[in-house]
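Trainee: One structure coming up, written as structure tokens, with questions to follow.
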Amino acid sequence: MSELAASVIGALRERGLSLATAESLTGGLMCAELTAVPGASTVIRGGVVSYATQVKVQVLGVDQLLVDQHGAVDPEVARQMALGAATALSADIGLSCTGVAGPDPQDGHGPGLVYVAIWLSSGEGEVIELHLTGSREHIRSATVEAALDLVLAHLGS
């Protein structure tokens, strides 16, 4: 996966863009993967590990009513997390993930349901829904891979 992260860092650098992450189920793995690339400090602003739902609300600005009605595993929560990361960390791009890594269900959703979102300062963005299988570790790493692929897709790389 480090080749993928290097591609993201290179694409961001080429375009003069910065990126911030907001992670739930991956617990910082996404930002760690990106910052393992030499030179990442020129484009990665930082990350928020919002493992607890209240951190999503209090730090990232996710709407409390949305969380109350739909729980933390929701496409709109992912979208708001991406926007919140970009806003809080003054980045051009926000990248987020929320979902269930397992082994137990959360908010009525089984392991493997994941939402990955990207928000760009141009106002465009996207949320993708993943249905992953395998171990907790596999779900977390597959989420990071999907998120990095999403960045490259939006940067045209």
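Laboratory data are not the source of any read-out in this text; all were calculated from the coordinates shown. Just so it is clear, the structure is predicted and the values come from calculations on it, not from any experiment. Because the Cβ atoms are built from the backbone with ideal geometry, glycine has one as well, and the counts that use them run over all protein chains shown.
Trainee: Could you list, in sequence order, the residues of the range 69-92 that are out of contact with any Gly (no Cβ under 9 Å at 6 or more places or on another chain) and touching a residue at least 60 places away in the same chain (Cβ under 8 Å)?
Mentor: Within the range 69-92, just 90 meets the criteria.
Trainee: Same structure, new question: Considering only residues that are without any contact (Cβ under 8 Å) to a residue 40 or more places away in the chain, farther than 17 Å from residue 93 by Cβ and hydrophobic (A, V, I, L, M, F, W, C), which ones fall in the range 7-52?
Mentor: Listed by number, the residues that qualify are 32, 36, 49, 52.
Trainee: Also: Within the range 8-23, is there a residue that is small (Gly, Ala, Ser) and farther than 20 Å from residue 154 by Cβ?
Mentor: Scanning the range 8-23 turns up no residue that is small (Gly, Ala, Ser) and farther than 20 Å from residue 154 by Cβ.
Trainee: Tell me, yes or no, whether the range 69-88 has at least one residue that is hydroxyl-bearing (Ser, Thr, Tyr) and under 11 Å from the mean Cα position of the chain (by Cα).
Mentor: Taking every residue of the range 69-88 in turn, none turns out to be hydroxyl-bearing (Ser, Thr, Tyr) and under 11 Å from the mean Cα position of the chain (by Cα).
Trainee: Being without any contact (Cβ under 8 Å) to a residue 60 or more places away in the chain and among the charged types (D, E, K, R) is the filter; apply it to the range 128-157 and report the residue that is nearest to residue 34 (Cα to Cα).
Mentor: Applying the filter and picking the extreme gives 137.
Trainee: Sticking with this structure for a sec: Condition first: buried (at least 18 other Cβ atoms within 10 Å of the Cβ) and either within 13 Å of the chain's Cα centre (by Cα) or in a loop (DSSP other than H, G, I, E, B) (or both). Now tell me which residues in the range 105-119 satisfy that.
Mentor: Of everything in the range 105-119, those that are buried (at least 18 other Cβ atoms within 10 Å of the Cβ) and either within 13 Å of the chain's Cα centre (by Cα) or in a loop (DSSP other than H, G, I, E, B) (or both) turn out to be 111, 112, 114, 115, 116, 117, 118, 119.
Trainee: Tell me the residue from 113, 95, 120 that is more than 22 Å from residue 6 (Cβ to Cβ) and aliphatic (A, V, I, L, M), please.
Mentor: 113
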